[in-house]
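Trainee: Please see the structure below; I have some questions.
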Amino acid sequence: MSSGSILVAVEKAAIGDELNSTILSVFLWGIYTVVYAGTLYLYLTKKSSRNKVIVWAISLSYWAYSSIVIMDWYRDQSVLLNNLGSRGALYAALFQGPLWPTLVTEVMDFIMTAVADGILIWRCYHVCGYSLRGILIPGFLLFCEVVIDVAVLSLLGASQLEPSRSQVNAISHLIAAQSFVTCATTLSSTTIIAYRIYTTSKREISGRSNRLLMHVLEILVQSAAAYSLVAVAEAISSVVPQSGSTAPSWYASAAYTSLLFIFISGIAPTVLVGRVAMLDGKRTYGSTSSATVSAPLSGLQFHVSSSQGDAETQPQLSESIGRVEKASEAQQLPKAVNLKEKMESIIV
């Protein structure tokens, strides 16, 4: 295949992928809007304890994604209306014009990934008993994400939004590194939270509350898995060289994985909050008595024969059992309350 035909194929594929990805983004935006509205309703009406930080976080992520979709839709519409004369002019307007849309997308993408990872680290911090040591690894990885994103924005700014080929390659590798770090941050935070939930449920609660707590853990793992897989796919597609006859395929892969990564980074924490909010608080935590552990009273179980002396002893024995049960409940109640607070920190 000649170089001219390859160039034509690349231009056609790039234009088609750009327009199709924009249409897909608008469709996903509609899904995101429904999920966001439903999550807000569930969280604000069915939760006994509402955390404004969570509400503002998922709202910020939603409006960041909305900004990206609106900007891409407006840009593509303007380019199509002003460059319908030839394929080359349309390609140049879409991919060789000003890079301010790329800058805006990078900023919004950074906000969304920071919100997604920040929510997980926030929950990890609460689950670990407000211990900074518990979030040392995910916190360091989040700091690395910030540094990488600042480096990307610095390269775009230093080139005055007109980077050279070497700078474009450097930006692509930095974006790939950021995606890998994002995946590591999500996996580390999820692992810590899952470990705390699992060990706590095995030691301190059982029965229906334990099953529901495992359901919360399942929701958390599913959300993190989807986010991590898309992040890895986006990173791989960013570093694979695009040349020759395979360029159209790799370009399409990069375009759609980037689109899905931005979408999942926004909707994953929103779905997580919504699904957990659907669990009724009483059913999730169970009653306080179900969380407590009954004291063993086997040593007080006597088989008393029915005589007059035994009849006098029976009230005293009942009073002794009552005092032991009250003392046991008094000792176990703080433990149950602490357990309830620990589990609430996962939800809020």
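Trainee: Quick one: GLY129 ticks every box in (1) assigned to a helix (DSSP H, G or I); (2) in contact (Cβ under 8 Å) with a residue 12 or more places away in the chain bar one, so which box is it?
Mentor: (1)
Trainee: Related question: Across segment 64-88, what is the number of residues that are loosely packed, with under 14 Cβ neighbours inside 10 Å and part of a helix (DSSP H, G or I)?
Mentor: Count: 8.
Trainee: Here is a follow-up. When you check ILE205 against the structure, is it surrounded by 22 or more Cβ atoms within 10 Å (Cβ to Cβ) and at pLDDT below 75, yes or no?
Mentor: Taking the combined requirement at face value, the residue satisfies it.
Trainee: While we're on this one: For GLU162, all conditions in the list (1) closer than 26 Å to ALA57 by Cα; (2) over 20 Å from the mean Cα position of the chain (by Cα); (3) of a type outside the set (Val, Ile, Thr) hold save one; what is the number of the exception?
Mentor: (1)
Trainee: Looking at the structure I just gave you, is ALA233 of a type outside the set (Lys, Arg), over 24 Å from TRP63 (Cβ atoms) and either modelled with pLDDT under 85 or in a helix (DSSP H, G or I) (or both)?
Mentor: So ALA233 fits the description; yes.
Trainee: Residues of segment 88-126 being among the hydroxyl-bearing types (Ser, Thr, Tyr) and in contact (Cβ under 8 Å) with a residue 12 or more places away in the chain, which ones?
Mentor: Answer for segment 88-126, where residues must be among the hydroxyl-bearing types (Ser, Thr, Tyr) and in contact (Cβ under 8 Å) with a residue 12 or more places away in the chain: TYR91, THR102, THR105, THR113.
Trainee: Of everything in segment 57-104, what is more than 32 Å from the chain's Cα centre (by Cα) and of a type in the set (Gly, Ala, Ser)? Give them in sequence order.
Mentor: If the condition is that a residue be more than 32 Å from the chain's Cα centre (by Cα) and of a type in the set (Gly, Ala, Ser), then SER78, GLY85, SER86, GLY88, ALA89, ALA92, ALA93, GLY97 are the ones that fit.
Trainee: Continuing with the same structure: Sort through ALA151, ALA158 and tell me the only one that's in contact with a helix residue (DSSP H, G or I) (Cβ under 7 Å, 6 or more places away or on another chain) and either exposed (fewer than 13 other Cβ atoms within 10 Å of the Cβ) or more than 28 Å from THR200 (Cβ to Cβ) (or both).
Mentor: Within the list ALA151, ALA158, the selection yields ALA151.
Trainee: Which members of segment 241-254 meet the condition of being surrounded by 15 or more Cβ atoms within 10 Å (Cβ to Cβ) and modelled with pLDDT under 80?
Mentor: If the condition is that a residue be surrounded by 15 or more Cβ atoms within 10 Å (Cβ to Cβ) and modelled with pLDDT under 80, then GLN242, ALA247, PRO248, TRP250, TYR251 are the ones that fit.
Trainee: Of the residues GLY85, GLY38, which is out of contact with any strand residue (DSSP E or B) (no Cβ under 6 Å at 6 or more places or on another chain), small (Gly, Ala, Ser), in contact (Cβ under 8 Å) with a residue 12 or more places away in the chain and farther than 24 Å from GLU234 by Cα?
Mentor: Matching residue, one of GLY85, GLY38: GLY38.
The values are calculated or read from the model by the stated rules, or taken from the named source; none is laboratory data. Source: prediction; values computed, not measured. All Cβ positions, even for glycine, are placed from backbone atoms using ideal geometry, and neighbour counts span all protein chains on display.
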